[in-house]
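Note sheet for the following structure.
Derivation of every value follows stated rules applied to the coordinates shown; laboratory data play no part. Remember, it's a predicted structure, so these values are computed and weren't measured experimentally. Cβ: placed from backbone, ideal geometry, glycine included. Neighbour counts: every protein chain shown.
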Amino acid sequence: MIEVELVAAALAAGASAGLTDTARGAVTDLYTSLREAVRRCLDRGAVPGARVLDAPDADTGAWQSRLVAVLSDSGLERDPAVLALARALLDETRKPGRITVDASNARGVQIGDNNQQHNAF
């Protein structure tokens with residue numbers, strides 16, 4: 001993964017984690033710090049791309065593609081502080097116990113421990 005993709009992936013992971021009530025502490029703090037560091041990098045460059053950070057996430061794939069394009073033009077990959085924040089955020093979101101499950105269109109799904117399902121036939 002190249003540096004720009006690393007930063008975009010970390011921002012996407014932090015944004016996704018921020019949508020849940022369980023995102024507290026380190027994830028939220030790291031996401032906020034990374035977002036502000038990226039904003040500063042984009043604001044000081046010639047690329048007017050900081051607004052991509054505030055774009056609605058209607059389509060995360062499209063948002064992440066736009067973000068990678070803007071970050072690629074920013075020179076951000078040479079900022080060790082931004083890269084360190086991105087790595088720390090990805091590490092934090094991948095810790096055991098932090099699982100994101102999207103079961104919005106599923107039926108009969110059980111999430112968690114010690115569940116029982118009884119068929120009513």
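Simple spin-label estimate for N115 and L53 gives 3.7 nm between the two label positions (7 Å along the Cα-to-Cβ direction from each Cα). For the pair R87 and R66, a Förster radius of 22 Å applied to the C-beta separation gives a FRET efficiency near 0.50, rounded to the nearest 0.05.
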